[in-house]
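Comments concern the structure below.
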Amino acid sequence: MKYKSKRIEISDKDFLKIDVNRIILNRPLPFDVYIKEAGVYKKIFNKGNIVSNLFFEILKEKNIDYVYIEESGIEKLKSSALKTSETVLESPVAFKNYSFFKENFYQIDRKFLISGTEVDFSIYQLKNLRFIKIIDASIKKPSMIYDDTIPEDGDLLIEKKDLPLYKEYIEFLSKRLDKISEEESEEFKSLVIKESAKILMSQVLNEPRSGENIKKIGDVVSNIIETMLSKPDSIYNLLNLKNYDYYTYTHSVNVGVLATGLGIQIGMDRDKVYKLAMGAILHDIGKSQIPHEILNKQGKLSDTEYNIIKQHVLLGHEILEKHKEFPEESLIAVLQHHERLSGRGYPFGLKAEKIKLFGRITAIADCYDALTTRRPYKPPLTPYFALSIIVREKGDHDTELLKAFIKMLGKVK
């Protein structure tokens, strides 16, 4: 079975040093931007991010006067009139169609689409807000995957009706792990755990009041915890879905993984980590009760729409407190993940010590993943910039937890 990860090494000769003042305010970046720390290049801004005042403020706070771009970006820098493709904000019809059809699809990890294997479900690429079929397959007419079959960019999806077939396909791949190296096998096992959690979260959001689904979430959480306890670096495989479009089920699992990692990092015992993780992975279950047109809306929400969105916290609490399979202590993570130590959060505007540990941890994990996940109308922030923003919001988050969180994510690029 062919399965490999890509690692790209970049040397000094590949980079150009530029004055930050050459970057234009309120324009999308036409290239990735790096800084150099201790001889290592770290990506601080992604291509497509809008250059805001915050961009310059954070660089100034870090005493950064020069940044780096890859040599291939010099021609774009020279252009004084940077032209970008039409954004979804300029194409409301395309976005409306995308939002409507998105609910019929499930996003998959491209690492499962291995050359030389056969699939009996169709695969789609999300590109320019359109769902394009790239593999036409069915039970009666399966199709082979080749090296040039899967495009390198864009989300890959299947229709939700094909989820059972996709699960069978993953199980088939799992039985062939003896054909790859031990290192690749461990990575693949982590991917399977993550994908199983995503599939189940998708089902939970469709049937949030199903006690059976909540019980299954407990089993998935236990698998995640055991994996991370036995191999701490597995968190980097479990957080393998960066640069994908935003899906509530993927975000939920990411927050669960991040919260689990932070709980382990600060020395929580196994039982406490389990209860934290249960609350964190189900923190957004209340969004299952929010209209899709509000959840997927482009641009700024109206005050009325924002108030509706905020109801997901109380709705989630209401759903989960009725599940006997859900630990009572875990409800804190659901109820307090949008509270801030400064009192600027919701739904109750709690301050300082009134926000409990599970709420503090889940708030950090939720905020970080939201910032580093791509949306149709904006690229994701880099981990470096996202953490800079979170730390900058003085008084909102627990300082000691943030230090532990940053240490935990030390190897994330």
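Within the stretch 373-404, restricting attention to residues that are closer than 18 Å to Ala259 by Cα and outside any helix (DSSP H, G or I), the residue that is modelled with the lowest pLDDT is Thr373. Say whether the condition of being at positive phi and either part of a helix (DSSP H, G or I) or touching a residue at least 24 places away in the same chain (Cβ under 8 Å) (or both) is met by at least one residue in the stretch 236-254. Yes, the stretch 236-254 contains a residue that is at positive phi and either part of a helix (DSSP H, G or I) or touching a residue at least 24 places away in the same chain (Cβ under 8 Å) (or both). Every condition in (1) surrounded by 19 or more Cβ atoms within 10 Å (Cβ to Cβ); (2) within 30 Å of Tyr98 (Cβ to Cβ) is met by Lys310 except one, and the failing one is (1). On the basis of being assigned by TED's automatic domain parsing to the domain that holds Ile235, over 20 Å from Ile364 (Cβ atoms) and within 23 Å of the chain's Cα centre (by Cα), does Lys287 make the cut? No: the conditions fail for Lys287. Considering the stretch 17-133, the qualifying helices (runs of 4 or more DSSP H), each wholly inside and each with 1 or more residues that are at pLDDT 90 or above and over 27 Å from Ile294 (Cβ atoms), run over 53-61. If you go through the stretch 249-264 and keep only what is farther than 20 Å from Thr382 by Cα and either at pLDDT below 95 or not assigned by TED's automatic domain parsing to the domain that holds Lys356 (or both), you end up with just Tyr249. Right, Ile235: closer than 21 Å to Lys189 by Cα, surrounded by fewer than 23 Cβ atoms within 10 Å (Cβ to Cβ) and of a type in the set (A, V, I, L, M, F, W, C) or not? When the stated conditions are applied, Ile235 does not pass them. A count restricted to the stretch 393-413 and to residues that are under 16 Å from Ala370 (Cβ atoms) and out of contact with any helix residue (DSSP H, G or I) (no Cβ under 7 Å at 6 or more places or on another chain) stands at 2. Among the residues of the stretch 198-230, write down those that are of a type in the set (D, E, K, R) and surrounded by 15 or more Cβ atoms within 10 Å (Cβ to Cβ). Lys198, Lys216 - these are the residues of the stretch 198-230 that are of a type in the set (D, E, K, R) and surrounded by 15 or more Cβ atoms within 10 Å (Cβ to Cβ).
Suppose we filter Leu335, Leu341, Leu331 for residues that are of a type in the set (A, V, I, L, M), buried (at least 19 other Cβ atoms within 10 Å of the Cβ) and part of a loop (DSSP other than H, G, I, E, B); which single one remains?
Just one listed residue meets the conditions, Leu341.
Of Lys407, Lys413, all but one fail to be modelled with pLDDT under 95 and assigned to a helix (DSSP H, G or I); the exception is Lys407.
Would you confirm, using the coordinates I've provided, whether Ala370 is among the aliphatic types (A, V, I, L, M), within 30 Å of Tyr98 (Cβ to Cβ) and part of a helix (DSSP H, G or I)?
yes
The values are calculated or read from the model by the stated rules, or taken from the named source; none is laboratory data. What you are looking at is a predicted structure, and each value in this text was computed from that prediction instead of being measured. All Cβ positions, glycine included, derive from the backbone under ideal geometry; neighbour counts span all protein chains shown.
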